[in-house]
Ligand SMILES: Cc1ncc(COP(=O)(O)O)c(C=O)c1O
């Protein structure tokens, strides 16, 4: 191996190694599937959307799935239905901002709880002591790994709350064999381009109670049951037939796609075991993650470098990474007004996470090369630290 790029060597990936590439199903299959709706002039909320909802419900083992325009819109409608106005919706801060935005749009107040330092998932015991005056408890299946949903459900139910999961990353994940999507009052998936199952843009709301499903269905269409006498302030959150055609084809190849992601993640895990101070997100044995992201925690003491230096050094090699989720939601300016008390574990995790490239068509050899780079960075940590100290603008 030549020297590290940061130390004057050639970049390991001169063409660049992207963080992700969307797993687009073959265009000719999408257009063939779309054609009947398109040629009849049915562009939205038609037979393909119904077919997608039925296929998703069958796969998840739930009575109803409602297709929506995005996971954010799905969460907004679910919180509007379940959160009493002005009450707290308790959720992890270590999640994507949309979880909190949706609660706020629905007239509720996000209240943030800690995450677990190994799994990065909601710390259920910590959430349990923050439930006073709340109406909903939310778990996020972080990076596509199940967040012990039965435990979240138990704590939420015991306090008399509705239980919702932000399953944006989780379509295809299982918890001890049971599909993510079948827990709580509602689970909401994203089908945006970064997700293993994609529609381009879109979401799915999996619901067990038919009344809640009917309410979400109404909310997707302005709250208008068809007589233009709207029953509440709904949205236009309909899914188009075009998006449903992409999603159906994406679903058709999902298992094959997830098998590839799981092999790449296992390859990362195995190789990283030899690199001190770089620890992949812990996933409970018996659970299957979608590995929407493969995220590691960089422990500066054991590794020799902090997360930002690792990201900068990988960037110099052509490797694109993301600090998911940093900053955590309680530290974002949008929620400064809440004055959230300190969440030290969340801050600790958020300061140390870096998500590494993982996508369907990524060559397995690229995983090996990224891990080799991480090992080399650890070996040359002193030199890298010195170089970063003298290289203006490397640490941004
Ligand atoms: C955890 C989480 N929740 C919600 C969303 C929002 O999904 P969408 O872009 O479909 O609205 C995302 C987006 O990536 C996410 O990561």
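P(r) of region 222-264 in 5 Å steps, Cα pairs, percent per bin? In order of increasing distance, the bins hold 6, 17, 14, 12, 11, 12, 10, 8, 6, 3, 1 percent. Of 197, 91, the sequence from fewest to most neighbouring Cβ atoms within 10 angstrom is 197, 91.
Computed across region 125-282, the Kirkwood radius stands at 17.7 Å (inverse of mean 1/r, all Cα pairs). Once the Kirkwood radius over Cα pairs is known for region 33-94, the Stokes-Einstein relation at 20 °C and 1.002 mPa s delivers a diffusion coefficient of 150 µm²/s. For region 303-383, the alpha-carbon coordinates run over 46, 34, 19 Å along the three principal axes, in decreasing order. Report note on the peptides 206-219, 324-337, 3-16, 106-119: ranked by the mean count of other C-beta atoms within 10 Å, highest first, their order is 106-119, 206-219, 324-337, 3-16. A quarter of the convex hull surface defined by the alpha-carbon atoms of the chain gives 20.2 nm² as the mean projection. Put simply, the Cα atoms of region 27-252 extend 56, 42, 27 Å along their principal axes, the longest span coming first.
When only Cα pairs below 8 angstrom with a gap of at least 6 residues are kept, the chain shows a relative contact order of 22 percent. Highest mean packing comes first when the peptides 126-136, 182-192 are listed by Cβ atoms within 10 Å, giving 182-192, 126-136. At q = 0.22 Å⁻¹ the log10 of I(q)/I(0) for region 99-211 amounts to -1.34, computed by Debye summation with a single uniform scatterer per C-alpha, solvent ignored. As a length-normalised measure over Cα pairs under 8 Å and 6 or more apart, the relative contact order of region 27-252 settles at 26 percent. If you restrict to DSSP beta bridges whose two residues both lie in the chain, what percentage is antiparallel, to the nearest 5? Given both bridge residues lie in the chain, the antiparallel proportion sits at roughly 60 percent.
The Kirkwood radius of region 23-160, taken over pairs of alpha-carbon atoms, gives through the Stokes-Einstein law at 20 °C and 1.002 mPa s a diffusion coefficient of 126 µm² s⁻¹. Per-residue Cβ neighbour counts within 10 Å put 154, 315 in the sequence 154, 315, beginning with the fewest.
Bear in mind these aren't lab numbers, they're just calculated from the coordinates by the rules spelled out. The model shown is predicted, which means the values in this text are computed figures rather than measured ones. Methodologically, a virtual Cβ is constructed for each residue, glycine included, from the backbone with ideal geometry; neighbour enumeration extends over all protein chains shown.
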